[in-house]
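Q: Structure below; questions to follow.
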Amino acid sequence: MIFESANPSVVKSIKQRDLLNTWLRLYARARLLPRVEEYQPARLEEELPDLVEYTVDTTTSPPRLTIQSNGTRMASAYGHTGKGKFLDEYLGPRLVPVVMPVYHECIARRLPVYTISNIDDSYGRIVAYERLLLPFSDSDNVTHVVASLKTISDDGGFEIRNLMRGNDMLPTARLCAVIDRDLLHRAPGRIPAGDVIEFN
């Protein structure tokens, strides 16, 4: 899988751009990966259905990710919840080769990664699957990844249930990018203060 170099403007979704900008503001303070506990985007409650948090074990090669939250859209797209499971086992052998390299690139580069893939729903409608991965660290290595997963179809409505497992065709990558340029550009405004919100 080949990843192109990109700046933050590559992200299409306004909500995902907001999530990325919050990460960038934290990163810009010391040019270090932020801690996941510091990450408190505005209107986070609205985004929770599309967010999945993972813990990362970098003592293995390749690193292994454990799903720590029940993103409701992810659970619908994959057919069942995955909380507490290794991501590679949750995906299964068909999807591992097309999904895990994206996470491994994020961990290896210690940078946000953004992808767009096309997949057909159970009625043959093309759905764009937009994935934004954000790395976090409590130490020298990446210890957490937060994923924002968005689905959209030019046809309007689509069937999200079993979207990733419901047909014989694998997702087709349209864009694979590492966001490694203009990382220190600070978006206007401050990170709003507020109560700590936990992923669940």
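The values are calculated or read from the model by the stated rules, or taken from the named source; none is laboratory data. Here the structure is a predicted model, which is why all the values come from computation and not from measurement. FYI the Cβ positions are ideal-geometry reconstructions off the backbone, even for glycines, and counts take in every protein chain you see.
Q: Any chance region 153-165 includes a residue that's exposed (fewer than 15 other Cβ atoms within 10 Å of the Cβ) and at pLDDT 65 or above?
A: no
Q: A further question on this structure: Return yes or no: is residue 77 modelled with pLDDT under 90 and surrounded by 20 or more Cβ atoms within 10 Å (Cβ to Cβ)? Write out each step before concluding.
A: Working: modelled with pLDDT under 90: yes; surrounded by 20 or more Cβ atoms within 10 Å (Cβ to Cβ): yes.
Criteria met by residue 77.
Q: Among the residues of region 12-38, write down those that are assigned to a loop (DSSP other than H, G, I, E, B), modelled with pLDDT of 95 or more and either in contact with a Pro (Cβ under 8 Å, 6 or more places away or on another chain) or under 16 Å from residue 179 (Cβ atoms) (or both). Give the derivation first.
A: At the first step, the residues of region 12-38 found to be assigned to a loop (DSSP other than H, G, I, E, B) are 12-13, 31-35.
Still in the running and modelled with pLDDT of 95 or more: 33-35.
If the condition is that a residue be assigned to a loop (DSSP other than H, G, I, E, B), modelled with pLDDT of 95 or more and either in contact with a Pro (Cβ under 8 Å, 6 or more places away or on another chain) or under 16 Å from residue 179 (Cβ atoms) (or both), then 33, 34 are the ones that fit.
Q: Hey, another quick one. Take the conditions on the phi > 0 side of the Ramachandran plot and at pLDDT 95 or above and apply them to residue 43. Does it pass? Full working, then the answer.
A: Details: on the phi > 0 side of the Ramachandran plot: yes; at pLDDT 95 or above: no.
Answer is no for this residue.
Q: Another question, if that's okay. Looking at region 55-62, can you tell me whether even one residue there is in a strand (DSSP E or B), in contact (Cβ under 8 Å) with a residue 24 or more places away in the chain and buried (at least 19 other Cβ atoms within 10 Å of the Cβ)?
A: Yes - at least one qualifying residue is present in region 55-62.
Q: Next question. Criterion first (modelled with pLDDT of 90 or more, over 21 Å from residue 15 (Cβ atoms) and crowded, with 16+ Cβ neighbours inside 10 Å) does residue 99 satisfy it?
A: Details: modelled with pLDDT of 90 or more: yes; over 21 Å from residue 15 (Cβ atoms): yes; crowded, with 16+ Cβ neighbours inside 10 Å: yes.
Answer is yes for this residue.
Q: Report, ordered by the first and then the second residue, all pairs with beta carbons closer than 6 Å, sequence separation of six or more or different chains, a first member in region 6-24 that is in contact (Cβ under 8 Å) with a residue 24 or more places away in the chain and within 17 Å of residue 150 (Cα to Cα), and a second member that is in a loop (DSSP other than H, G, I, E, B) and among the β-branched types (Val, Ile, Thr).
A: 20/11
Q: Which of the residues spanning region 128-142 are assigned to a strand (DSSP E or B), farther than 16 Å from residue 31 by Cβ and touching a residue at least 60 places away in the same chain (Cβ under 8 Å)?
A: Listed by number, the residues that qualify are 130, 132.
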